[in-house]
Amino acid sequence: MKIGIHDLEVATTHYVLDLDTLAERHGIDPKKFSIGLGQDAFSMPAPDEDIVTMAAEAADTLLARHDVSKIRQVLFATESSVDQSKAAGVYLHELLGLPANVRSVELKQACYSGTAALQMAVNAIARTPEEQILVITSDVARYALDTGGEPTQGAGAVAMLVTANPNLVEIEPGSGFHTSDVNDFWRPNDSTTPYVDGQLSLDAYLTATTAAWDDLAARRDLSIDDVDKFLHHQPFTKMARKQLAALAEHTGHELSDELIEESMSYNRALGNTYTASLYFALTAQLHNNADLAGKRLGFFSYGSGAVAEFFTGVVQENYRDHIYPEHVAKQLENRVELTYDEYRTLHSDFAATSETYTTQPTTHAPFRLSGVTEFQRRYEAQ
Ligand code: COA
């Protein structure tokens, strides 16, 4: 029985900052961002947006095409959680009218946990193939002002429906894993921005993903040449190129950039979306490539701290009949461009934790955070 990603949808934020604007005000050559990091812009939430509103929008569009009564679990992966106790996915039940007889839980391990959620979903469907599982990856990547990470901020969500006999991608059994205790990136409970050792995080990413490939290669009869396209977690898109080059050197196989080129267009425009980044890479590859039917995708998932997984999936025959690139184009086009000063103000006003009302509603998003009263987040459809 085939099990995998049956359908998916994405969402991002109201605002966008063009990296040329940041470069100009910081006196940096814009090519450092566009070529050096491979990034053009980043999404930024309005005060009434967060991981829940993005997730709700992506899932709402997705579920309009499906029977929600078949959903038995909501697995919500994020590293920018809005509460230390309540799972973000629980808010979706009220907003989206999801059934009450559903398991709903949040998963965390930096940018990796979306992959854990996907694999948990695949394993659960193997036992109860008539059921469906909603997997959500949603994050706001927010770094401190005037730091190396600042140009790699971003925000976005990918909602995926995991089922038997999927329309898009069958997830194949057998992953490679790698876990090592490394302090490359972490966010203590009392900090709204992460601490990051930039260079260490690049090294940890390359070490962990290569080790995950080795683990898979030792367990499955699979050569690097059996993979038709590679998808990466992309904290910035240049990272995918760096990983592919490291993998080529490690395996002694020539691996051309054509293997990843079509997977980077959305991440270039969105910035880092943490847990969602790998699944934006998948979305871009499916949207940009008309010749993927029957092809094997190799997924490199990485979360600082650090956990990596390499797994594979096979694109299904009629996948082109089940993709909606125009929805992503609309998400990107609808964003309102920020000036540098607006961006700085918005960045400083972040973190509605106590009594707050968001008075300037964004208009084109279907859900918003209306405010925080008595320390409770209030969401509404609009
Ligand atoms: N034109 C073209 N490229 C340029 C350039 C220019 N004018 N100026 C610099 N570059 C290139 C550099 O050569 C470098 O490329 P390389 O890594 O391929 O050699 C790249 O731009 C970045 O320059 P660098 O000086 O290393 O940038 P930085 O010190 O500002 O930090 C990061 C880069 C990635 C470490 C920083 O953005 C960061 O901390 N990001 C967050 C952490 C992260 O995303 N980690 C990834 C693992 S999850």
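The values are calculated or read from the model by the stated rules, or taken from the named source; none is laboratory data. Keep in mind it's a predicted model, so treat the numbers as computed, not measured. Note that we place each Cβ from the backbone using ideal geometry, even for glycine, and neighbour counts take in every protein chain shown. What goes into the accessible areas is simple: the full protein's heavy atoms, side chains included, and nothing from ligands, DNA or RNA. Shrake-Rupley method; radii C 1.70, N 1.55, O 1.52, S 1.80 Å.
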Subset of region 372-382, residues of a type outside the set (D, E) and free of Cβ contacts under 8 Å to residues at least 40 places away in the same chain, comes to V372, T373, F375, Q376, R378, Q382
Options A144, A77, A155; residue that is open to solvent by 30 Å² or more (accessible area, probe 1.4 Å), touching an Asp or Glu at 6+ places or on another chain (Cβ under 9 Å), aliphatic (A, V, I, L, M) and within 16 Å of the ligand (Cβ to nearest atom): A144
Tell me, yes or no, whether region 18-28 has at least one residue that is touching a Lys or Arg at 6+ places or on another chain (Cβ under 8 Å) and open to solvent by 20 Å² or more (accessible area, probe 1.4 Å). no
Kindly provide the set of residues from region 23-54 that are in a loop (DSSP other than H, G, I, E, B) and in contact (Cβ under 8 Å) with a residue 12 or more places away in the chain, ordered by number. G38, Q39, D40, P45, A46, P47, D48, E49, D50
Just to be sure before I move on: is D83 touching a helix residue (DSSP H, G or I) at 6+ places or on another chain (Cβ under 8 Å) and open to solvent by 30 Å² or more (accessible area, probe 1.4 Å) in the structure I sent? no
On the given criteria, is D214 part of a helix (DSSP H, G or I), modelled with pLDDT of 95 or more and away from the ligand (no atom under 16 Å from the Cβ)? yes
Tally the residues that are under 30 Å from Y324 (Cα atoms) and out of contact with any helix residue (DSSP H, G or I) (no Cβ under 6 Å at 6 or more places or on another chain), restricting the search to region 9-42. 8
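Restricting attention to region 128-141, does a residue exist that is in a helix (DSSP H, G or I) and at pLDDT 95 or above?
Pass one, region 128-141, residues in a helix (DSSP H, G or I): none.
No - not one qualifying residue is present in region 128-141.
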Subset of region 55-106, residues under 24 Å from A141 (Cα atoms), in a loop (DSSP other than H, G, I, E, B) and not charged (D, E, K, R), comes to T78, S80, S81, V82, Q84, S85, A87
Failed item in (1) away from the ligand (no atom under 16 Å from the Cβ); (2) touching a residue at least 60 places away in the same chain (Cβ under 8 Å), with V68 passing the rest: (2)
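Identify, please: which residue in region 309-333 is touching a residue at least 40 places away in the same chain (Cβ under 8 Å) and in a loop (DSSP other than H, G, I, E, B) and is, among those, surrounded by the most Cβ atoms within 10 Å (Cβ to Cβ)? Full working, then the answer.
Restricting attention to region 309-333, the residues satisfying the condition of being touching a residue at least 40 places away in the same chain (Cβ under 8 Å) are 309-316, 318-319, 321-324, 327-328, 331-332.
Then keep just the ones that are in a loop (DSSP other than H, G, I, E, B); that gives 316, 318, 323-324.
Numbers: Q316: 22, N318: 9, I323: 16, Y324: 17.
Among those that are touching a residue at least 40 places away in the same chain (Cβ under 8 Å) and in a loop (DSSP other than H, G, I, E, B), it is Q316.
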Those residues of region 147-188 which are under 22 Å from E57 (Cβ atoms) and among the basic types (K, R), in sequence order: none
Looking at region 229-245, which of its residues are within 7 Å of the ligand (Cβ to nearest atom) and touching a His at 6+ places or on another chain (Cβ under 8 Å)? M239
Residue list for region 234-266, restricted to those being in a loop (DSSP other than H, G, I, E, B) and open to solvent by 10 Å² or more (accessible area, probe 1.4 Å): P235, F236, G252, H253, E254, L255, S256
Evaluate region 286-308: report whether one residue or more is in contact with a Lys or Arg (Cβ under 6 Å, 6 or more places away or on another chain), modelled with pLDDT of 95 or more and surrounded by 23 or more Cβ atoms within 10 Å (Cβ to Cβ). yes
Just one of Y319, Y340 is modelled with pLDDT of 95 or more and more than 30 Å from H178 (Cβ to Cβ); which is it? Y340
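The rows are residues; the columns are (1) touching a helix residue (DSSP H, G or I) at 6+ places or on another chain (Cβ under 8 Å); (2) over 28 Å from N167 (Cβ atoms); (3) open to solvent by 30 Å² or more (accessible area, probe 1.4 Å).
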residue	(1), (2), (3)
T53	no, no, no
A56	yes, no, no
R65	no, no, yes
A88	yes, no, no
G97	yes, no, yes
A124	no, no, no
I136	yes, no, no
